[in-house]
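The values are calculated or read from the model by the stated rules, or taken from the named source; none is laboratory data. These figures come from a predicted structure and were not determined experimentally. Reconstructed Cβ throughout: ideal geometry from the backbone, glycine too, with neighbour counts over all protein chains shown.
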Amino acid sequence: MDILPAVLLAAAAFSGWLAVGVVRWLREWAASPSIVGAVHGIARWWLFCWFVDWSWRAAYPPFVQSDKLGLDARIYLAGAKAWLSGGDPWSAQVVFNDAGTYGFHYAAPPPSLLLFAPFAWMPERLFAELAIVASFAAGFYLLRAVRLPAWWIFFPPLTMGILSANPVVIGTAALVSGIRWLAPVGFAAKVYFVVGLVGERRWKDIVAVVFFAAATLLLLMPLWLQYLADYGSISATIAAESAGGFSATRALPLFVATAVCVGALALVDWRTAWWLAIPALSPFAEFHSSIAALPVMAPGLGALLAMSGTPGDAWAPLAICVYSIWRVGRLVAERAGWQLPAILDLRITRPAAVDSAGGTARDPAAGGMSERPVGALDVLRQVRRTVWRPG
């Protein structure tokens, strides 16, 4: 009697049983607190090294090897000086190459001039150095406000924003501070970053920004008229000097695809979608515009946004599309009963939800901030309860 088939069947059954046991043991081993802590620690060190490497690649050539330190602050200061001297602020530029033939023009809306006009008396170099120091301090304040570790100061968009002394760092810090009178400061520093307040549902702060914008229309009416009249040439200058920017606005198909992804994310997580819309969809967004992702940051998203590339790569909108698809797909899979690993959604900060009064929602059971993502439908329900209160 040939017993080989029976032996093979028994061996296959034993191997299957052994494999199931090994898989079960591995799952229990991977779920143990010590292993999870070790993996998270290794991931944090890897992300830190990743940030330092890309910050060095992005910062060393333009800033250490040439005279670009504090360049953005110098540009804004040149615009303010031109305005106060009776000239055209949008014709002001800072030339940085030795031949004196290439530079960058001031191109921000009129409210930004109000922030820099008080410093117009200062020498350009001194102001640039002080602006870098102020940006560095604002960067640490920003990280503390959004509950990120201090080593995220090496997040390449943030590093670039600090070294160039772009007002986006101070402006974002003002917006996330929660101090109402600082919201107009954030608006003046970077107009389109105020979109983040919609995600936070800080309606009173938005009203303050609207009143501030209306005041600038009255106080700076000639400047606004000139800005609107020359917007075509100003936009052409920005497009040329930024090589089209880092956002999805450089190509219509990319813009449509990114807008759909961010819109779908808004159905799942209203707050995250609005912050990510800034680097993804803002016209002529720069590399440091990804600072807007810090209030809603996740490690996988940070690793993707850390890679600088070039404007033509459109890396930021593609990274945000990948993250949006993952978030929406993970929710759909969980609703279908599938449990997927939260690779790109591993929380390193506890995002603040906002209550119906516009403040931070606390989780009494956990004693901290609520981590439940709030979707667009939740926001609509809140607006309905606020506008129409039965009884």
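Annotations
- Subset of the stretch 174-183 that is more than 28 Å from residue 263 (Cβ to Cβ) and part of a helix (DSSP H, G or I) - its residue that is nearest to the chain's Cα centre (by Cα): 182
- Given (1) out of contact with any helix residue (DSSP H, G or I) (no Cβ under 6 Å at 6 or more places or on another chain); (2) part of a helix (DSSP H, G or I), number of the condition residue 138 does not satisfy: (1)
- Any hit, the stretch 99-111, residues being over 19 Å from residue 176 (Cα atoms), modelled with pLDDT of 90 or more and not in a loop (DSSP other than H, G, I, E, B): yes
- Conditions (1) small (Gly, Ala, Ser); (2) more than 29 Å from residue 79 (Cα to Cα); (3) over 16 Å from the mean Cα position of the chain (by Cα); (4) part of a helix (DSSP H, G or I): number failed by residue 188: (2)
Let's see how each residue does on (1) in contact with a Cys (Cβ under 8 Å, 6 or more places away or on another chain); (2) closer than 18 Å to residue 297 by Cβ; (3) surrounded by fewer than 24 Cβ atoms within 10 Å (Cβ to Cβ):
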{"residue": "126", "(1), (2), (3)": "no, no, yes"}
{"residue": "133", "(1), (2), (3)": "no, no, yes"}
{"residue": "146", "(1), (2), (3)": "no, yes, yes"}
{"residue": "152", "(1), (2), (3)": "no, yes, yes"}
{"residue": "157", "(1), (2), (3)": "no, yes, no"}
{"residue": "162", "(1), (2), (3)": "no, yes, no"}
{"residue": "179", "(1), (2), (3)": "no, no, yes"}
{"residue": "185", "(1), (2), (3)": "no, no, yes"}
{"residue": "195", "(1), (2), (3)": "no, yes, yes"}
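- Residue within the stretch 270-290 that is among the aliphatic types (A, V, I, L, M), assigned to a helix (DSSP H, G or I) and farther than 22 Å from residue 173 by Cα present: no
- In the stretch 247-257 there is no residue matching the filter, namely being touching a residue at least 12 places away in the same chain (Cβ under 8 Å), closer than 25 Å to residue 92 by Cβ and charged (D, E, K, R).
- Residue match in the stretch 32-49 (condition: at pLDDT 60 or above, of a type outside the set (Phe, Trp, Tyr), part of a loop (DSSP other than H, G, I, E, B) and out of contact with any Cys (no Cβ under 9 Å at 6 or more places or on another chain)): no
- Residue satisfying condition, being of a type outside the set (Lys, Arg) and farther than 23 Å from residue 145 by Cα, within set 236, 208, 298: 236
- Residues satisfying the stated conditions in the stretch 210-267, i.e. exposed (fewer than 12 other Cβ atoms within 10 Å of the Cβ) and under 24 Å from residue 279 (Cβ atoms): 236, 240, 252, 253, 256
- Qualifying residue in the stretch 304-324 (condition: modelled with pLDDT of 85 or more, crowded, with 24+ Cβ neighbours inside 10 Å and touching a Cys at 6+ places or on another chain (Cβ under 6 Å)): yes
- The residue list 199, 139 contains one member that is more than 27 Å from residue 87 (Cα to Cα), in contact (Cβ under 8 Å) with a residue 60 or more places away in the chain and either touching a Ser or Thr at 6+ places or on another chain (Cβ under 8 Å) or not acidic (Asp, Glu) (or both), which is 199.
- Number of positions in the stretch 80-94 that are touching a His at 6+ places or on another chain (Cβ under 8 Å) and either at pLDDT 90 or above or part of a helix (DSSP H, G or I) (or both): 2
- Evaluating residue 294 against the criteria (1) closer than 17 Å to residue 195 by Cα; (2) at pLDDT below 90 leaves one unmet condition, (2).
- 3 or more residues under 25 Å from the mean Cα position of the chain (by Cα) and of a type outside the set (S, T, N, Q): qualifying helices (runs of 4 or more DSSP H) within the stretch 192-238: 195-200, 203-219
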